[in-house]
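Heads up: the structure comes next, in structure tokens.
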Amino acid sequence: MATHNILGQVGEEETCRFLMRKGYTLLERNWRYGHLELDIIAECYGEIIFVEVKTRSNEQFLPALAAVDEEKLRHLRQAAAHYLHLHKLDTPIRFDIITVVGAQRPFTITHHVGGR
């Protein structure tokens, strides 16, 4: 497995721990519908949160948040709509982005509630 894939997995693990410490309940990880994927689906206070995780060893060339462009956001919305439909959910939702920066612990984790 490529080094960036391993770092991405570590970033998702760190994000899960981060969310659980904040009281979120994890519902799904790496949920797929066709070619669409949601990194983490969580619940907190009756709200479903779709979390996109971006992990970078550093932000020397581009901030991690910049990797979530309009096309990525469109795919996230499509995937979330499928998830809600398949699970017959009619509940408040939110899209969050969590960036994880660093080559090893301790990582810098930034939680962008409601997207950017």
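The values are calculated or read from the model by the stated rules, or taken from the named source; none is laboratory data. The structure presented is a predicted model; accordingly, all values stated were derived computationally and were not measured. Heads up, the Cβs are rebuilt from the backbone with ideal geometry, glycines too, and the neighbour counts pull from every protein chain shown.
Here is how the numbers come out for the structure above:
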| quantity | calculated |
| --- | --- |
| Qualifying residue in the range 2-21 (condition: at pLDDT 95 or above, part of a strand (DSSP E or B) and not aromatic (Phe, Trp, Tyr)) | no |
| Residue in the range 58-66 that is in a helix (DSSP H, G or I), touching a residue at least 12 places away in the same chain (Cβ under 8 Å) and closer than 29 Å to residue 105 by Cβ present | yes |
| Condition met for residue 41 (in contact (Cβ under 8 Å) with a residue 24 or more places away in the chain, assigned to a strand (DSSP E or B) and more than 25 Å from residue 108 (Cβ to Cβ)) | no |
| Hits in the range 22-38 - residues which are on the phi > 0 side of the Ramachandran plot and part of a strand (DSSP E or B) | 30 |
| Single unsatisfied condition, residue 53 versus (1) in a loop (DSSP other than H, G, I, E, B); (2) buried (at least 18 other Cβ atoms within 10 Å of the Cβ) | (1) |
| Count - residues of the range 90-113 that are basic (Lys, Arg) and either farther than 18 Å from residue 74 by Cα or outside any strand (DSSP E or B) (or both) | 1 |
| Filter result for residue 48 (surrounded by 15 or more Cβ atoms within 10 Å (Cβ to Cβ), farther than 23 Å from residue 7 by Cα and of a type in the set (Val, Ile, Thr)) | yes |
| Residue under evaluation residue 65, criteria (1) in contact with a His (Cβ under 9 Å, 6 or more places away or on another chain); (2) exposed (fewer than 14 other Cβ atoms within 10 Å of the Cβ), criterion not met | (2) |
| Test: residue 40 is of a type outside the set (Lys, Arg), surrounded by 13 or more Cβ atoms within 10 Å (Cβ to Cβ) and under 12 Å from the mean Cα position of the chain (by Cα) | yes |
| Selection within the range 76-101 - surrounded by 15 or more Cβ atoms within 10 Å (Cβ to Cβ), of a type outside the set (A, V, I, L, M, F, W, C) and either within 14 Å of the chain's Cα centre (by Cα) or modelled with pLDDT under 95 (or both) | 94, 96, 99 |
| Filtered residues of the range 13-55 (kept if of a type in the set (D, E, K, R) and touching an Asp or Glu at 6+ places or on another chain (Cβ under 6 Å)) | 39, 52 |
| Matching entry among 17, 29, 21 (being under 14 Å from residue 107 (Cβ atoms), under 13 Å from the mean Cα position of the chain (by Cα) and without any contact (Cβ under 8 Å) to a residue 40 or more places away in the chain) | 17 |
